[in-house]
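The values are calculated or read from the model by the stated rules, or taken from the named source; none is laboratory data. Only a predicted model underlies this, so the values are computations on that prediction, with no experimental measurement involved. Note: ideal-geometry Cβ built from the backbone for every residue, glycine included; neighbour counts use all protein chains shown.
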Amino acid sequence: MTTREQLNSKLGNAPENLVSHFETGHFLSRPESRIHCMPLPQALEYTSHVLALPIGDHFGLFALHDGQDSNPHCYVSRGPCSGSIFHLMHDGDCRITHRSLESFLTALNALSDHESIDDLKEDTDLFFDTIPTIQGLLSRDEDIDILLPVYLPVTKSIPGDLKHQLATSRDFYVREAIASWLNLRGTREDLPLAELLAADNYGQVARPAKLAVSRLQQL
């Protein structure tokens, strides 16, 4: 099978830059720094496990980098964040780290010999058109606790009615996610919503909301 055919077997229709990446035959690997871009056979095997996870299936994740810590960097092949790089964390906050495969590889190659994968610089100002997807998640109430915390940090602005819907959700994971977003990107007009969340009975909701209140009061 060709590289494209092997990738298509996992993703359906492999993006051109992903095909090109694996056809180059150049995969940065510095085991002492836990840097290891996987060649195609290893990446295909790893991806089978990733796609078996709900979050892996939702984003169409294809594993690219294995730092020997069960936290692979993956290519996003589905949804509004397609083409970006996703850090799949087994015991932490999963997140989108780079806007493109090219940006990710550039950051990897920029690491010096005394640096490790933990020193990898992530892209800033990462924004995608996530609102329709978030609205769809709310209507289906499906895996929203694991998906919303990924989508909100890469969402630049949220309509007021949607913010209110998130802040009054019965799911405290949803309330925690919007509280964190308010602390990150909320405006002065969001202060009443932040104050509402700051009084939440769940500490993981109230803590980021209180930080948001403090920040918004200074605007």
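Quick notes on this one:
- All positions within the range 31-50 that are out of contact with any Asp or Glu (no Cβ under 8 Å at 6 or more places or on another chain) and not polar (S, T, N, Q): Pro31, Glu32, Ile35, Cys37, Pro39, Leu40, Pro41, Ala43, Leu44, Glu45, His49, Val50
- Scope the range 135-159; condition assigned to a helix (DSSP H, G or I), touching a residue at least 24 places away in the same chain (Cβ under 8 Å) and either more than 14 Å from the chain's Cα centre (by Cα) or more than 23 Å from Thr97 (Cα to Cα) (or both); matching residues: Gln135, Leu138
- Boolean, Ala209 is part of a helix (DSSP H, G or I), in contact with a strand residue (DSSP E or B) (Cβ under 9 Å, 6 or more places away or on another chain) and among the hydrophobic types (A, V, I, L, M, F, W, C): no
- So Ala209, is it in the same structural domain as Phe86 (by TED's automatic domain parsing), under 22 Å from the mean Cα position of the chain (by Cα) and of a type in the set (A, V, I, L, M, F, W, C): no
- Taking the criterion of being acidic (Asp, Glu) and at pLDDT below 95, the residues of the range 116-155 that qualify are Asp118, Asp125, Asp141, Glu142, Asp143, Asp145.
- Selection count, the range 186-199, where residues are in a loop (DSSP other than H, G, I, E, B) and surrounded by fewer than 19 Cβ atoms within 10 Å (Cβ to Cβ): 2
- Residue check for Pro80: more than 22 Å from His36 (Cβ to Cβ), touching a Phe, Trp or Tyr at 6+ places or on another chain (Cβ under 7 Å), assigned by TED's automatic domain parsing to the domain that holds Leu28 and not hydroxyl-bearing (Ser, Thr, Tyr): yes
- If you check Asp113, Asp93 for being in the same structural domain as Leu28 (by TED's automatic domain parsing), in contact with a helix residue (DSSP H, G or I) (Cβ under 8 Å, 6 or more places away or on another chain), closer than 20 Å to Val50 by Cβ and loosely packed, with under 13 Cβ neighbours inside 10 Å, only one passes: Asp93.
- Counted residues, the range 63-118 - those being touching a Gly at 6+ places or on another chain (Cβ under 9 Å), among the β-branched types (Val, Ile, Thr) and either in contact (Cβ under 8 Å) with a residue 60 or more places away in the chain or over 20 Å from Asp145 (Cα atoms) (or both): 1
- Qualifying position, being in contact with a strand residue (DSSP E or B) (Cβ under 6 Å, 6 or more places away or on another chain) and among the charged types (D, E, K, R), among Asp57, Asp66: Asp66
- Scope the range 84-114; condition of a type in the set (Asp, Glu) and at pLDDT 95 or above; matching residues: Glu102
- Residues located in the range 56-70, provided they are surrounded by fewer than 17 Cβ atoms within 10 Å (Cβ to Cβ) and over 16 Å from Asn13 (Cα atoms): Gln68, Asp69, Ser70
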